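Read the figures in this text as sums done on the coordinates, not as results from a lab. Bear in mind the structure is a predicted one, so any value in this text is a computation, not a measurement. Using ideal geometry, Cβ is built from the backbone for each residue, glycine included, and neighbour counts are taken over all protein chains shown.
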Amino acid sequence: ARRHGGQVVAILVDCDDFKLVNEMLGYTGGDKCLQSLGERIKNALRSCDHIARIGGDEFLVLLAMVRRGEAIDLASRLRSIIGGAAYPVAGASVHLTCCLSMATLPPACRTLDDVLLLTQMGLRKCKSAGKNRLSVVENCASGGQAIVVDGQAFPIDLADDTGFRVVKQPILQLVDEQIVGYELFSRG
């Protein structure tokens, strides 16, 4: 991104209730199912994109040189591809759904831990909203974030210890999706 002046988008993919797959098929069958899932994701990506299994039933996808709208379309397509057809494993037919958390990486985000910290924040909100969801972590110019899960915005608290808190939510320009301001709410 620094070299070409573009942006990088990360998508964290986490399977819903994968423990049940391991219980039904054993860990070997579960691993075969995850290998098939990884292939489906890889086949949906461009040659310049990257995918890695980062643990258990989680995959991290990095999209290089992509606009935010294109990344959202791809994340939505990935959710459909993952849950679209059964995974034939060991004579069984497994159906999977996943929650996905997408974030455009800010320039300060340089390590895997930074990427995971940003995307896991959206994933937690996504999982709390239910299964088979997509969240988008919106990076704000001030360094804060808001999370959008399937179109519903969840501002992130800017809390203090007085019991008074302010939450902010970005206001996006529809034409180019640039942040043009913030809406602030105060709660007591």
request  = Pull up all non-local amide H partners of Ala92: gap of 5 or more, or a different chain, and H-to-H distance under 5 Å with H placed in the peptide plane.
outcome  = none
task = May I ask for the net charge around Leu60, where only other residues with Cβ less than 14 Å from the Cβ of Leu60 are counted and Lys, Arg are +1 while Asp, Glu are -1?
result = -4
note = For 99-108, 83-92, ranked highest to lowest by mean beta-carbon neighbours within 10 Å, the order is 99-108, 83-92
ask   = What's the lysine pair count for segment 1-142 at a Cα cut-off below 17 Å, pairs eight or more apart or interchain?
value = 4
message = Treating only the Cα positions of segment 10-91 as identical point scatterers, give the base-10 log of I(q)/I(0) from the Debye formula at each q in 0.13, 0.21 Å⁻¹.
response = -0.41, -0.98
task = Provide the per-residue ³J(HN,Hα) series for segment 38-48, in order, calculated from phi with Karplus coefficients 6.51, -1.76, 1.60 and θ = phi - 60°, each as a whole number of Hz, with x at glycine and proline positions.
result = x, 5, 4, 5, 4, 5, 8, 9, 7, 5, 8
Label-to-label distance, nm, for residues given as Ala92 and Arg46 (7 Å Cα→Cβ offset) = 3.8 nm
